[in-house]
Structures are given as C-alpha cells and as structure tokens.
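Visitor: Starting off with a structure, shown below.
The values are calculated or read from the model by the stated rules, or taken from the named source; none is laboratory data. Note that the structure is a prediction, hence the values are computed from the model and not measured. No Cβ is skipped: glycine too gets one built from the backbone with ideal geometry, and neighbour counts run over all protein chains shown. In case anyone asks, the SASA skips ligands and DNA or RNA and just uses the protein heavy atoms, side chains included. Shrake-Rupley method; radii C 1.70, N 1.55, O 1.52, S 1.80 Å.
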Amino acid sequence: MAKVKNIAALDFSAHLKAVEENYKLVQVLDETGKVVNKDLLPDLKDEELVQLFKDMLWSRALNDRSTVLARQGRLGFFAPTIGQEASQLASHYAFEKEDILFPGYRDIPQLIKHGLPVDKAFLWSRGHVEGNNYPDSLKAMPPQIIIGAQIIQAAGAGLGLKKRNKKQVAFTYTGDGGSSQGDFYEGINFAGAFRAPVVFYIQNNGYAISTPRHKQTAATTLGQKAVAAGIPGVIVDGMDPLAVYVVSKAARDWAVAGNGPVLIETLTSRFGPHSTSGDDPKRYRDQASFDEWDKKDPLIRMRNFLTEKKLWTEEHELELIEKFDEDIKEAVAQADAAPKQLISDSLKTMFETPTDIIQEQIEQFEIKEGK
Ligand SMILES: Cc1ncc(C[n+]2csc(CCOP(=O)(O)OP(=O)(O)O)c2C)c(N)n1
C-alpha cells in the first residue's frame with residue numbers, strides 16, 4: 001500500500017490538539033474563593049452577588065429536605081442537586097423571566113427560580129397532574145425525563161422566538177450522558193443552521209448514572225462538540241458561580257443579539273446519588289473522587305468570596321437556612337393538601353381533544369373514581 005505523505009492536512013494528532021486548545025476552561029474564583037481572573041469578574045452589584053449566594057444556599061436546603069422526604073416516602077422521584085448549585089443557579093441568574101426554560105429532571109431549582117411554585121415541584125415529583133399545570137406567566141416546559149429530548153424542543157422554540165422577532169432566548173440543560181444522544185447533535189445543529197437564540201448547557205457531572213464520562217465519547221471535552229454545529233462552545237468551571245454567571249450572561253447577550261446559539265459545558269459534580277430511587281454511587285465512584293470534588297464545593301467559594309468582601313456572616317447564613325426550611329415545610333404541607341391524583345384527570349391532559357380510545361378510558365376511570 002502506498003505510504004501517505006505526512007503533510008499538515010493529514011496530521012490527525014495535530015487536528016485533535018488544535019480543537020482541544022481552542023476550548024480552555026473559564027474560571028474566575030479558585031477553590032478558596034480568591035479571584036484568579038479579574039478581567040472576567042461579572043458586573044454584579046453587592047446585593048446581586050449576595051442574592052446569587054442566597055439562591056445557591058436555598059437550593060442546597062431544598063436538596064437536603066427533598067432527600068429526607070424521598071427517604072420517608074413522601075416524594076416520588078428525586079434527583080439530587082447537591083454539588084451542582086453554581087452550575088444550576090448561577091447560570092439561571094443570567095436569564096430573564098421572559099426567556100423559555102427547558103429543564104431536565106435534575107433542574108428543579110432553576111424551574112422554581114423561574115416561577116414554578118415549590119408545592120407544584122413536589123406534586124410533579126409525586127407524579128401528580130397538578131405538578132405540570134403551570135401558571136401562564138411561567139415560561140418553561142415541565143422537566144424532561146427522556147434524555148436529550150429537551151434539546152430539540154429548545155431549538156424549535158428558539159426558532160419560533162426568532163421568527164417572531166422576540167428579544168428572548170430559550171435555554172436548556174442536559175447532562176454529560178445527554179450529550180451522547182442523537183437529539184443533542186440534531187438540536188445544536190438545527191439551532192446553529194437557523195441561528196436560533198438558544199443557550200445549551202451540558203452539566204458535566206462526570207456520570208450518566210454509573211457510566212463515567214470517559215466511556216461515553218472519544219471527545220476530550222464536551223464543549224468542543226459545538227464545533228461540528230458551527231457554534232461557539234465554552235467550557236466553564238461549574239463549581240465557580242462567578243465564572244458560570246459571566247459565561248452565561250455573555251451567551252445570552254450573543255444569542256439575543258441575533259448571532260445564534262451557544263453551547264456551554266459546566267464541569268461539575270453531583271455529591272449525592274443519581275436519584276433517591278436506589279442508586280449507590282460508591283459502587284462506581286471511589287472515595288478519592290468524592291474528596292477531590294468536596295474541596296471544590298461552590299458554596300465554600302462563594303461564601304469565602306462574600307465574607308472577604310464583608311458581605312456575609314455565619315449568623316446570617318444560619319438564620320436564612322432556618323427560614324428556607326420553614327418555607328419548604330410549608331410547601332410540603334400545601335402539596336399534601338392537594339386533591340388526590342385522579343387517573344381520569346391525568347388522561348385529560350394528553351390531548352386537547354381526546355382520541356376515542358382515551359375518551360373511553362377517561363369515562364371508565366371516572367366511574368371507578370366516583371366522578
Ligand atoms: C432516552 C433515554 N434513555 C435512557 C434513559 C434512562 N436514564 C435516566 S437518567 C440517565 C443518565 C443521564 O445522565 P446525564 O445525562 O449525564 O445526566 P445526570 O443524571 O448526570 O444529570 C439515563 C440513561 C432515559 N431516561 N431516556
């Protein structure tokens with residue numbers, strides 16, 4: 001066989017390296033909360049910085065309470081968010097209420113911040129139809145369970161916003177596993193082709209349930225997947241709230257200005273199990289990995305940063321957590337008071353005009369349920 005000449009165009013290792021080199025990690029705060037990149041410090045007022053930290057603390061409180069409730073059998077499905085607070089809350093902080101959110105099942109904190117009442121989030125977890133009955137003001141879809149499906153929905157919504165000349169964007173979250181799905185590639189490609197205003201997040205927490213990230217793809221980063229769609233891709237320290245915010249704000253500005261979508265990979269970690277339905281992460285993750293990521297806890301960084309700026313005290317934090325716990329308890333009580341879930345009501349949400357078979361089932365269940 002003829003020997004291929006080693007000309008630059010065929011230097012495949014150089015190709016791979018060149019792609020990787022274009023995708024550098026963005027960081028603003030180091031693990032101790034010290035600013036390591038002044039140029040990227042976001043333009044947030046003191047009270048806004050404090051609010052961002054409060055959101056993250058609230059999310060941790062919600063995680064802790066929900067974990068207990070799930071263990072007591074008082075919630076249905078629950079996917080822990082502990083460890084991902086910067087990735088979730090600092091990204092959401094960059095968007096407007098009018099922007100349309102397409103969350104995955106782990107993105108309940110962003111959905112609540114976007115306007116979903118907490119009791120409805122609990123009802124959703126219990127599989128109650130009222131959990132998906134959103135107030136008109138809430139610009140969001142219910143959390144997606146089908147991995148990656150929200151990516152194509154967001155791409156379509158983005159195109160709709162563009163066609164209507166809206167100054168809004170769609171934004172959506174998936175995990176590292178989700179970025180291995182066909183829907184993911186189709187969605188970012190479609191949004192790129194139509195320059196739809198969409199910000200796509202891959203929250204890379206290292207695992208798709210028990211499958212480690214390195215077994216899912218040969219790509220050295222997930223952010224670089226943007227290159228095939230011809231759109232910008234950014235990799236950000238997902239444990240660094242200020243970096244996540246600043247990158248998200250830039251992405252939203254870019255998209256809303258008509259330049260098309262952006263893909264953001266947040267490097268993060270879930271400190272807990274995949275879900276509370278029986279997963280034991282110690283079976284696929286060693287203690288060293290937990291210890292390594294514990295040190296990167298986004299709450300430690302933000303707390304240190306604010307304390308150094310004299311914007312935060314421990315007493316304030318304790319008071320706040322007590323208040324969050326009270327609010328969450330109240331929301332649980334509200335969810336408990338909701339009328340019992342009826343299968344007939346659930347069936348009625350399937351189509352605006354039910355098909356004959358569904359209609360028949362509705363009638364059968366209404367008799368059984370005494371309606
Ligand atoms: C299309 C599809 N395939 C498989 C599943 C089963 N499943 C549920 S969660 C999950 C892992 C997803 O991992 P990742 O996207 O990394 O998100 P994470 O849970 O880590 O946030 C899988 C495979 C599913 N829900 N949908």
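Visitor: Scan region 223-233 and tell me whether some residue there is open to solvent by less than 10 Å² (accessible area, probe 1.4 Å), near the ligand (Cβ under 10 Å from one of its atoms) and either touching a residue at least 40 places away in the same chain (Cβ under 8 Å) or β-branched (Val, Ile, Thr) (or both).
Guide: Checking region 223-233: not a single residue is open to solvent by less than 10 Å² (accessible area, probe 1.4 Å), near the ligand (Cβ under 10 Å from one of its atoms) and either touching a residue at least 40 places away in the same chain (Cβ under 8 Å) or β-branched (Val, Ile, Thr) (or both).
Visitor: Residue by residue through region 170-207, note down the ones that are more than 21 Å from ASP99 (Cβ to Cβ) and touching an Asp or Glu at 6+ places or on another chain (Cβ under 9 Å).
Guide: ASP176, SER179, ASN204, ASN205, GLY206, TYR207
Visitor: For region 141-150, check the following and say yes or no: at least one residue is open to solvent by 20 Å² or more (accessible area, probe 1.4 Å), touching a strand residue (DSSP E or B) at 6+ places or on another chain (Cβ under 7 Å) and not β-branched (Val, Ile, Thr).
Guide: Taking every residue of region 141-150 in turn, at least one turns out to be open to solvent by 20 Å² or more (accessible area, probe 1.4 Å), touching a strand residue (DSSP E or B) at 6+ places or on another chain (Cβ under 7 Å) and not β-branched (Val, Ile, Thr).
Visitor: Out of (1) more than 19 Å from ILE264 (Cβ to Cβ); (2) surrounded by fewer than 18 Cβ atoms within 10 Å (Cβ to Cβ); (3) modelled with pLDDT of 95 or more, the odd one out for TYR105 is which?
Guide: The number of the failed condition is (2).
Visitor: Take the residues of region 34-63 that are under 15 Å from ILE328 (Cα atoms) and not small (Gly, Ala, Ser): which is surrounded by the most Cβ atoms within 10 Å (Cβ to Cβ)?
Guide: Within region 34-63, the match that is surrounded by the most Cβ atoms within 10 Å (Cβ to Cβ) is MET56.
Visitor: While we're here: List the number of the failed condition for GLN153; all other conditions in (1) open to solvent by less than 30 Å² (accessible area, probe 1.4 Å); (2) under 17 Å from the mean Cα position of the chain (by Cα); (3) not β-branched (Val, Ile, Thr) hold.
Guide: (1)
Visitor: Can you tell me which residue among PRO80, PRO109 is under 21 Å from LYS329 (Cα atoms) and not in a loop (DSSP other than H, G, I, E, B)?
Guide: PRO109
Visitor: Ok, one more. Among ASP240, ASP325, ASP291, ASP279, which is open to solvent by 20 Å² or more (accessible area, probe 1.4 Å) and within 22 Å of the chain's Cα centre (by Cα)?
Guide: Exactly one residue qualifies, and that residue is ASP279.
Visitor: Still on this model: Return yes when TYR201 is farther than 27 Å from VAL35 by Cα, aromatic (Phe, Trp, Tyr) and either at pLDDT below 95 or within 14 Å of the ligand (Cβ to nearest atom) (or both) and no when it is not.
Guide: It is false that TYR201 is farther than 27 Å from VAL35 by Cα, aromatic (Phe, Trp, Tyr) and either at pLDDT below 95 or within 14 Å of the ligand (Cβ to nearest atom) (or both).
Visitor: Would you check if ALA337 is in contact with a Phe, Trp or Tyr (Cβ under 8 Å, 6 or more places away or on another chain) and of a type outside the set (S, T, N, Q)?
Guide: No.
Visitor: Would you mind stating whether ARG71 is among the basic types (Lys, Arg) and open to solvent by 30 Å² or more (accessible area, probe 1.4 Å)?
Guide: Taking the combined requirement at face value, the residue satisfies it.
Visitor: Another question, if that's okay. Is region 124-138 home to any residue that is in a helix (DSSP H, G or I), within 23 Å of MET56 (Cβ to Cβ), away from the ligand (no atom under 15 Å from the Cβ) and without any contact (Cβ under 8 Å) to a residue 24 or more places away in the chain?
Guide: For region 124-138, residues in a helix (DSSP H, G or I), within 23 Å of MET56 (Cβ to Cβ), away from the ligand (no atom under 15 Å from the Cβ) and without any contact (Cβ under 8 Å) to a residue 24 or more places away in the chain: present.
Visitor: Would you be able to say whether some residue in region 255-263 is in contact with a Leu (Cβ under 8 Å, 6 or more places away or on another chain) and either without any contact (Cβ under 8 Å) to a residue 60 or more places away in the chain or crowded, with 18+ Cβ neighbours inside 10 Å (or both)?
Guide: no
Visitor: Of all residues in region 294-314, how many are surrounded by fewer than 18 Cβ atoms within 10 Å (Cβ to Cβ), touching a residue at least 24 places away in the same chain (Cβ under 8 Å) and assigned to a loop (DSSP other than H, G, I, E, B)?
Guide: 3
Visitor: If we scan region 166-181, do we find a residue that is open to solvent by 20 Å² or more (accessible area, probe 1.4 Å), within 16 Å of the ligand (Cβ to nearest atom) and either acidic (Asp, Glu) or at pLDDT below 95 (or both)?
Guide: Within region 166-181 (the criterion being open to solvent by 20 Å² or more (accessible area, probe 1.4 Å), within 16 Å of the ligand (Cβ to nearest atom) and either acidic (Asp, Glu) or at pLDDT below 95 (or both)), the answer is no, since none of the residues qualifies.
Visitor: Scanning region 204-218 for residues that are more than 8 Å from the ligand (Cβ to nearest atom) and of a type in the set (Ser, Thr, Tyr), which turns out nearest to the chain's Cα centre (by Cα)?
Guide: Checked region 204-218; the qualifying residue nearest to the chain's Cα centre (by Cα) is SER210.
Visitor: Which residues, counting only those in region 355-371, are surrounded by 12 or more Cβ atoms within 10 Å (Cβ to Cβ) and not in a helix (DSSP H, G or I)?
Guide: GLU369
Visitor: Could you check, for region 3-13, whether at least one of its residues is within 22 Å of the chain's Cα centre (by Cα) and either under 17 Å from GLU308 (Cβ atoms) or in a helix (DSSP H, G or I) (or both)?
Guide: Checking region 3-13: not a single residue is within 22 Å of the chain's Cα centre (by Cα) and either under 17 Å from GLU308 (Cβ atoms) or in a helix (DSSP H, G or I) (or both).
Visitor: Next up: Counting only residues that are without any contact (Cβ under 8 Å) to a residue 12 or more places away in the chain and touching a Lys or Arg at 6+ places or on another chain (Cβ under 8 Å), how many does region 337-371 have?
Guide: 1
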